[in-house]
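The structure appears below as structure tokens.
Each reported figure results from applying straightforward, stated rules to the coordinates on display, with no laboratory input. Predicted model only: the values in this text are computed from it and were never measured. Virtual Cβ from ideal backbone geometry, glycine too; neighbours counted across all protein chains shown.
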Amino acid sequence: MKKVGIVMGSDSDLPVIRKATDTLRALGIPFEAHVYSAHRTPDEAMAFARSAKENGFGVIIAAAGMAAHLAGAIAANTTLPVIGIPCKSNTLDGIDALLSTVQMPSGIPVATVAINGGANAALLSAQILALSEAEYRLSPAPPTPKQSSKRTPPFRQNSTRRFKT
């Protein structure tokens, strides 16, 4: 059974990571969380990424704020899927972290969730693991009362309208 590796740039990212760990715990998915910095502890971050597959991880979540190079540094050193969580800081409300996380060069893919999107990172990691681990398959959640009261989008699933590509 594969587990999720979670790395954060500093312990100040723990409130965001807690959303991920709470979600993984609720889903029964094992995980390990570590503090590694792409800038302060680059050797440790690289060693973690390079040995992650052999250590039983199936996906890695990397959370960082401001310069937010952690997800890219991890992705550059592993073939496992990496999910980046840009963390909000006092600087630019996390937009800087979002852009740093989402703008990876070709060949270094990082799936990126919303700013402070720890819960979605955990759900995405569960979906990725479920591709090879049947026990991680999620069933669709029924819509909440708030969701079901929203208006229907202005398109239909079976629409025949074509768009130019």
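Semi-axes of the equivalent ellipsoid for the range 17-138, computed as √(5λ) from the eigenvalues of its C-alpha gyration tensor and ordered from largest down, come to 22, 17, 13 Å. Taking the number of Cβ atoms within 10 Å of each Cβ as an exposure proxy, the fewest-first ranking of I6, I95, I85 is I95, I6, I85. Each residue in V16, V35, V102 was given a count of other beta-carbon atoms within 10 angstrom of its own, and listing them fewest first yields V102, V35, V16. Exposure proxy for I128, I17, I108: other Cβ atoms within 10 Å of each Cβ, ordered fewest to most, give I108, I128, I17. Label-to-label distance, L131 versus A26, with points set 7 angstrom from Cα along the beta-carbon direction: 2.5 nm.
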